[in-house]
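Comments concern the structure below.
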Amino acid sequence: MENLMAGAEMLARWDVILALLVGSIGGVIIGAIPGVGPAVAIAILLPATFSLDPIVGLTMLLGIYGSSMYGGAIPAILINTPGTAVNALTSYDGYPMTQRGESNRALSLAYAASFWGGIFGILCLILLSPVLALIAPMFGSREIFLAALLGIILVVLAHRGQIFAAGMLAMFGIFLNTVGLDAVTYTQRYTFELSFLSSGINLIVVVLGLFALSQAFFLLTDKDNSPDAQPTKGRLTSGFREIAQHKRVASMASGFGVMMGMIPGVGEFTAQFMSYTYAQKTSNDPALFGKGSPEGLVASEAANNAVPAAAMIPLLALGIPGEALTAMMLSVFYVHNVVPGPQLFQNNIDLVYGLYLALILLNVIVICFLMVSTNLLTKIIRVPTRLLGVMILILSFVGVYSLRNSLTDCILAAGFGVLGLILKRLNLPLVPIILGMVLGGIMEVKLRSAMPRLKTPFDMIDRPISFILFVMILLVIALHLRTLLRELRNPSPQVDHDLHDTQQR
């Protein structure tokens, strides 16, 4: 209880409340505009958060991360165009409901399911935090190294059908992290006698290039489009009464979201598919799925909104991000010399509980905002895509230049923007590059720290947790190889191509 009160006291500051309002409402607006997404918004805002207190900067980014999926459901339901990639499954049942004249019901149910999933995930996180506080100190250098290695493997294997490409891109990210002056030996690594590479390649420059600038280039080179979303009529509170009829599906979907959110590299898509499949198999009317099933809509929205809170578990407890958005948040910790991991729960427990309470508050703020502003958001959806591209382009270059007042950074970011555009055109993932940079850096530091205490390779796994992590790595690889062999023996037609392509974008 003392920790909870300390977190509430940290949150009860005008600058923290303002950051939460800006992040929560801004995240809904950004999520509602197809073609932007939370990754672009967080990448643009990241440089500005470095000058803020950790709780202020992280609260703003959490607000965007946790609220964007609420907004992304609006265009998915109204115009069959997901606002964010993770709302793709929402359109399967949301848009058919709109075609039947039930857009108001679909939106209301989506909001209620999202709120259910969000609060469920946060409560699970708060209940698990004492366990995390006990387990986290047991993680030494070798355990964190193996956990980071497991994270990279899971990230690569999560991109089914593109494992080789994802693996190569993750290795490219690891390589980018090695460029520059070695902090231990003070030798130049892969600088090719170029002085601007001596300080290394800044993660934020890469993030802004791959996510923000590439999206700007994508929108500017694509056909101009102004989606036409029609306003809805009626009150949006009915979904909170109807969700009680689907509480089993909502709870199971939220549970899948929590479980998948805790596993690095898995995230919303796997949670959605598992919850959607469960809902369909246990439904009294499975034929309605994909044609406007309320249960399908609830399963999708509850699962993806339970993930953000659960994704904070590996980040806070081990300092290991599970996907690109938490990797960006990790940089905010590092800038302020707050290192996530075992020491965080011992030395900064008030910050941890402050973030938990911020997650609860942002869900309440978002719901209140959506109750009165949904029709206003339908007008924002109509913004021409090329105008969005220009705005993202300008804001991205301003953000890059503000890091170190360097034109070289702007040129590097533009280069990564072009690379990101090429990868998007080829439907290849961007996330492995970022996680390769972040997790590769963690692996290098922890391996160097562990090496002096290792006499044989087997000493790496001579402790219980390190041995468990090693076994998990072997199991993950073995299960994947088993799945590949099964698919080779019994080839089945590929389904859901469109959703897979949306995930890569």
Could you grab me the full set of residues in the range 61-107 that are free of Cβ contacts under 8 Å to residues at least 40 places away in the same chain, touching a Pro at 6+ places or on another chain (Cβ under 6 Å) and of a type outside the set (A, V, I, L, M, F, W, C)? S91
Only one of (1) assigned to a helix (DSSP H, G or I); (2) surrounded by fewer than 24 Cβ atoms within 10 Å (Cβ to Cβ) is not met by T81, so which one is it? (1)
If you take the residues of the range 465-490 that are touching a residue at least 24 places away in the same chain (Cβ under 8 Å) and open to solvent by 60 Å² or more (accessible area, probe 1.4 Å), which of them is nearest to E143 (Cα to Cα)? F470
Selected residue [surrounded by fewer than 24 Cβ atoms within 10 Å (Cβ to Cβ), of a type outside the set (G, A, S) and in contact with a Phe, Trp or Tyr (Cβ under 7 Å, 6 or more places away or on another chain)] from I29, I25: I25
Find the residue count for the range 1-45, including only residues that are under 24 Å from the mean Cα position of the chain (by Cα) and touching a residue at least 60 places away in the same chain (Cβ under 8 Å). 24
For the range 303-345, which residues satisfy the criterion of being part of a loop (DSSP other than H, G, I, E, B) and not small (G, A, S)? I320, P321, E323, H336, N337, V338, V339, P340
Determine whether S331 is in contact (Cβ under 8 Å) with a residue 60 or more places away in the chain and closer than 20 Å to A43 by Cα. yes
Report, by residue number, each residue of the range 371-430 that is of a type in the set (G, A, S) and closer than 30 Å to A112 by Cβ. S373
Could you please let me know if G117 is crowded, with 20+ Cβ neighbours inside 10 Å and touching a helix residue (DSSP H, G or I) at 6+ places or on another chain (Cβ under 8 Å)? yes
Regarding R448, is this residue open to solvent by 70 Å² or more (accessible area, probe 1.4 Å), over 30 Å from V205 (Cβ atoms), in contact (Cβ under 8 Å) with a residue 24 or more places away in the chain and not β-branched (V, I, T)? no
Among the residues of the range 26-43, is any part of a helix (DSSP H, G or I) and farther than 25 Å from P384 by Cα? no
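For (1) open to solvent by 30 Å² or more (accessible area, probe 1.4 Å); (2) farther than 18 Å from Y111 by Cα; (3) outside any helix (DSSP H, G or I); (4) of a type in the set (V, I, T), each residue gets a yes or a no:
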residue	(1), (2), (3), (4)
I55	no, yes, no, yes
L61	no, yes, no, no
Y65	no, no, no, no
A73	no, no, no, no
Keeping to the range 309-336, report how many residues are buried (at least 23 other Cβ atoms within 10 Å of the Cβ) and farther than 19 Å from I152 by Cα. 1
Limited to the range 263-288, what total is found for residues that are open to solvent by less than 20 Å² (accessible area, probe 1.4 Å) and modelled with pLDDT of 80 or more? 3
Please give the helices (runs of 4 or more DSSP H) falling wholly within the range 158-231 in which 2 or more residues are open to solvent by 20 Å² or more (accessible area, probe 1.4 Å) and without any contact (Cβ under 8 Å) to a residue 60 or more places away in the chain. 163-178
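The values are calculated or read from the model by the stated rules, or taken from the named source; none is laboratory data. Everything numeric in this text was worked out from a predicted model, so none of it was measured. Heads up, the Cβs are rebuilt from the backbone with ideal geometry, glycines too, and the neighbour counts pull from every protein chain shown. In case anyone asks, the SASA skips ligands and DNA or RNA and just uses the protein heavy atoms, side chains included. Shrake-Rupley method; radii C 1.70, N 1.55, O 1.52, S 1.80 Å.
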